[in-house]
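This report concerns only the one structure given below.
The values are calculated or read from the model by the stated rules, or taken from the named source; none is laboratory data. Worth saying up front: this structure is predicted, and the values here are computed from it rather than measured. Counting neighbours? That spans all protein chains shown, and the Cβs are built from the backbone with ideal geometry, glycine included.
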Amino acid sequence: MSGKILRSGLVFLPVSVVVILLDYLSKLWIINNVPAYDPNGFIEVIHDFFSIIHVHNQGAAFSFLADKGGWQKIFFGAVALGVSIYLLVCMYRNRVSDFLPNISFALIIGGALGNLYDRIVYSYVIDFLDFYLEWGGKIYHYPAFNIADCGVCVGVFLFVVYELFVKKEDKKDGEAENAGK
């Protein structure tokens, strides 16, 4: 069994652990150093573009369903766990040489479990990366997010790239190789 695991995509799971640890440590730092919802307690990193803040997200991405009474916390937690289990099975079935899908799945798992931890421990997700643009007298904000969200987004992006571009090339190469036999 361990031989199969070492030849499978599960060897990429340390990437998930790194995402979870970076997410956890960054949120711990935020909790201890940036007051929640304090309009004067933010840290401006790049003037009029990027700040470190401390907000709590009761919902999903962009606070989707944040005001729905609590059922969404259980739902999003179950989705994170279900997706993580499904991706673990996919990684187990993948070869270790399937780099892009395995790294994508590992990033998604790390992000999903990082935010799941917050939902279990705090009943909300801690967000702190705040990008905004002041233009024409108005301020345009991108919703605050965290390291776990970055893991999910980068993982999904890489998987889409794989599905749209790399997988087709791999399939063409395999067909050409089989035609030559």
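Here are some notes:
- Extreme residue, modelled with the lowest pLDDT, among residues of segment 93-133 that are buried (at least 22 other Cβ atoms within 10 Å of the Cβ) and β-branched (Val, Ile, Thr): 125
- Some residue of segment 134-151 being modelled with pLDDT under 95, closer than 23 Å to residue 37 by Cβ, β-branched (Val, Ile, Thr) and surrounded by fewer than 17 Cβ atoms within 10 Å (Cβ to Cβ): yes
- For residue 82, the test of being farther than 20 Å from residue 150 by Cβ, at pLDDT 85 or above and not in a loop (DSSP other than H, G, I, E, B) is passed.
- Looking at 14, 35, just one residue is under 23 Å from the mean Cα position of the chain (by Cα) and surrounded by fewer than 17 Cβ atoms within 10 Å (Cβ to Cβ), and that residue is 14.
- Residues that are closer than 28 Å to residue 120 by Cβ and at pLDDT below 90, drawn from segment 31-63: 41, 57, 58, 59, 60, 61, 62, 63
- Check on residue 13, modelled with pLDDT of 95 or more, within 15 Å of residue 146 (Cβ to Cβ) and either touching a Cys at 6+ places or on another chain (Cβ under 9 Å) or in a helix (DSSP H, G or I) (or both): no
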